[in-house]
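Below is one structure, written out as structure tokens, with a few remarks after it.
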Amino acid sequence: MIVFEPDFLDIVRRHPQILRQRSIDIYNEVKTWSQADRSALCEQIRASNDIENICKGNYKPGIIDRKANGFWKNLRDFFLDLYSQVLDGDGFRDKYHTALREHFNGFSEANKGITKCPICGIGELKKKEDECRDQYDHFLPKALYPLSSVNFENLVPSCKECNSFDAKGEEDTIGISTGKLFFPYDIDHKGISFEFHITKDDVEIENIVWKIDFSNQTGKPTKLLHGEKSTA
């Protein structure tokens, strides 16, 4: 028997295939597992949603991509549809009288001082007064890390250009990092100071050797992404 919280049960009934049937299928598979394996799955889901700990490099979630099959495909589809169809679906809106648009408006109002896209720092972010809203971009791509897809600490507003497939696609944020990532909702972050230096000039732009020195007031470790070296 599958037990849902009363508030969530109403939404489950509105999505008989996406939620109810998939939950039954997942349950029927997991009930044959050992208790140790079931506990490990629960811990995997929990740890995959501790975004700050992931960004610190203390936990590396496993990739569940389009090649997944069997149980893992079912689990992946379940979490992806929770975000794409349930979170902003009619059942959720009717039950809680809110939607992603209302969340965006509230986020925009609470962060009036942030006018530039936090991804590129160039594009202008839309405000609640605009007819359309910016997209919420998954910091850890949902196509690779679906267990983190319905987690607002894994969502950051981004301009249309940054959230386009051409700009980001399904690039693995963790895979291209140095092991640590900047946590998007770090309330202690005081900004980063940059200094750019050319160590070897050349008339051909592509032959110029340069470096970036940067530091932060909180003393957190920094890592150079491009250039010759960092003196942070």
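The values are calculated or read from the model by the stated rules, or taken from the named source; none is laboratory data. Just so it is clear, the model here is predicted, and its values are computed rather than measured. Heads up, the Cβs are rebuilt from the backbone with ideal geometry, glycines too, and the neighbour counts pull from every protein chain shown. For the accessible areas, the whole protein counts, side chains as well, though only heavy atoms, and no ligand, DNA or RNA atoms are used. Shrake-Rupley method; radii C 1.70, N 1.55, O 1.52, S 1.80 Å.
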Fill in: Tally, over the range 54-105, of residues that are under 24 Å from residue 182 (Cα atoms), free of Cβ contacts under 8 Å to residues at least 60 places away in the same chain and among the hydrophobic types (A, V, I, L, M, F, W, C)
1
Discussion item. Tally up the residues in the range 31-53 that are in contact (Cβ under 8 Å) with a residue 12 or more places away in the chain and either touching an Asp or Glu at 6+ places or on another chain (Cβ under 6 Å) or more than 18 Å from residue 148 (Cβ to Cβ) (or both), please.
Written reply: 1
Worksheet item: If you go through the range 83-100 one residue at a time, how many are at pLDDT below 80 and within 18 Å of the chain's Cα centre (by Cα)?
Response: 2
Response to the item:
The number of residues in the range 124-161 that are open to solvent by 20 Å² or more (accessible area, probe 1.4 Å), modelled with pLDDT under 85 and not in a strand (DSSP E or B) is 11
